[in-house]
Amino acid sequence: MARTIVGLNDSKSVKRWSGNLAYDVSQQSYFSSRFMGTGPQSGMPIQILTDLESDAGEMIDYDLVAELRTAPIEGEDIQEGKEEGLRFYSDQVYIDQARQGVNTGGRMTRKRTLHNLREVAKKKLSDYWAQVFDQQIFMYLSGGRGVNPNYYFPLGYAGRANNAFTAPDANHQLYGIATGSTPTSDASITTQNVFALELIDRAKSQADAQGGGGTGIPVLQPCKFNGEETFVCVMNTYQENDLRTNTQTGQWLDINKAATQSTGYSSNLFKGSLGMYRGVILHSHRNVIRYNNWGAAGNVWGARALFLGNQAAVIAFGSPGTNMRFDWYEEARDNGDKVVISTSTIFGVKKCTFDYSGGLGSSPQDFGVFALDTATSRQQA
C-alpha cells in the first residue's frame, strides 16, 4: 500500500514543525501561558519585544518615561523658563542563538515512521524549551542562578547574550521577619525568617507607597486585567509549605477565604494560583530560585520569592530567517541510518532596570519586581 512521506527538511515539514514547536512551548511555559504580553500596554509582568523578529540586529533599546516631579506654578507667577523636561531612561536587551537537538537512533532501534519521530521529538523539545525560557526568566528576575538542582544551567551561571544578571537593589528587596529577628541582608537571615503573610503585607504597602516624584525611585506599577489592578507574588514550593503550615491566627486561613475572590476571573494571571490576598495574586513554583549560603555562618537554606508588577522583565526574539521564533532542521547521519532533529531559537531575557535618579546619585534600580528573601524550613535540596 502506498503512503505519503514528508522527507527530511521538506519545506512543508520545516514550517509546520517550527510553528507547532513554538505553539507548544508557549502553552507549556509557566511564564508564557500566564504572565507575558506584547508591548508596554499589555499590563503584564513580562513584556515581549518584537522589534527584531523581522529586522536585523542583536540589541533592542527600550525606554521608561519618568514622572514629572516639580511643584506647579501658582497664581500669576511666571511659568516661562520653569517648564520641566521629559526624562527618558533606557535599558537594553541583547539576543543570541540557542540550539538543542534529538538523535532518534538507528533504524533498528526506532521501529517507527519518520512522522512519529517528529511527534516524539517535538514533545521532548517543547518540554525542554519551555523549561529553558522559564529558568532564564526566574534567574534574570532574581539576579542569580541559585542552587536549584533541576536547572539545566550550571552553578555559577551568570547570564547569556551579553545580558548580565542584576542583583536586587536595596529599594526592591525585602526579608522575612520573625520575633526577635529583623534581617537587613541575606547574611542576617536566620532559620526563623520563613515566608509568612506579613511579608506580602509589607511588599504590598511598599509597592503602594514607595517612589515617584523627586524620590529617584521608580514606582512599582501594578499589572492590569479586566479593568482592575493587581500584583503577583510567585513563591517557591518550600515557601508555600511554610505559609500553609503557619498555625498563627490570621495566616493560611486568610488565604483560603481570599481565594474565593478569584472565582469567575478568566485572566491568565489566576491560572493555578493559590488565591488572592490584599489584591496580590499568589502563585507557587518549584523554579523560584533557592540558595543554601545565607545566614551568618553561610549555611541557611532560603528562597527568593518574586513580587511582580508591570514590566518586571522583557524577552526579545529574533527570527532564524523563517519569520518564526524557532527553526527546525532534520539531518540523516551514518549513511542515512540515524535521523537527528535540531531546533534553534534566537532570544534574550533581561530584568528591567533603569537609572531613575536623574542625577541624584543612585545606581540603576529594578523597575517592576521586589525580591522577597526568606529562609525555608526545609534545609536541603
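The values are calculated or read from the model by the stated rules, or taken from the named source; none is laboratory data. All values reported here derive from a predicted model rather than from experimental measurement. So basically every Cβ, Gly included, is an ideal-geometry build from the backbone, and we count neighbours across all protein chains shown.
Table for the structure above
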read-out: Qualifying residue in segment 261-274 (condition: touching a strand residue (DSSP E or B) at 6+ places or on another chain (Cβ under 6 Å), part of a strand (DSSP E or B), modelled with pLDDT of 70 or more and surrounded by fewer than 21 Cβ atoms within 10 Å (Cβ to Cβ)); value: no
read-out: Residue match in segment 50-70 (condition: at pLDDT 70 or above, surrounded by 16 or more Cβ atoms within 10 Å (Cβ to Cβ) and not in a loop (DSSP other than H, G, I, E, B)); value: yes
read-out: Qualifying residues in segment 198-218 (those that are touching a residue at least 40 places away in the same chain (Cβ under 8 Å) and touching a helix residue (DSSP H, G or I) at 6+ places or on another chain (Cβ under 8 Å)) - the one farthest from Thr353 (Cα to Cα); value: Gly211
read-out: Whichever residue in segment 92-116 is more than 16 Å from Asp327 (Cα to Cα) and modelled with pLDDT of 75 or more and, among such residues, is surrounded by the most Cβ atoms within 10 Å (Cβ to Cβ); value: Val93
read-out: Residue list for segment 158-187, restricted to those being out of contact with any Gly (no Cβ under 9 Å at 6 or more places or on another chain) and hydroxyl-bearing (Ser, Thr, Tyr); value: Tyr175, Thr179, Ser181, Thr182, Thr184, Ser185
read-out: Residue tally, condition outside any helix (DSSP H, G or I) and surrounded by fewer than 17 Cβ atoms within 10 Å (Cβ to Cβ), over segment 191-212; value: 3
read-out: Which listed residue is surrounded by fewer than 22 Cβ atoms within 10 Å (Cβ to Cβ), within 26 Å of Leu21 (Cβ to Cβ), out of contact with any strand residue (DSSP E or B) (no Cβ under 9 Å at 6 or more places or on another chain) and without any contact (Cβ under 8 Å) to a residue 60 or more places away in the chain, from Tyr151, Tyr157, Tyr128; value: Tyr157
read-out: Flag if Thr215 is within 22 Å of Lys351 (Cα to Cα), polar (S, T, N, Q) and outside any helix (DSSP H, G or I); value: yes
read-out: Residue count, segment 359-381 (criterion: at pLDDT below 95, out of contact with any Lys or Arg (no Cβ under 8 Å at 6 or more places or on another chain) and not in a loop (DSSP other than H, G, I, E, B)); value: 1
read-out: Which numbered condition Lys224 fails, given (1) basic (Lys, Arg); (2) buried (at least 17 other Cβ atoms within 10 Å of the Cβ); (3) more than 23 Å from the chain's Cα centre (by Cα); value: (3)
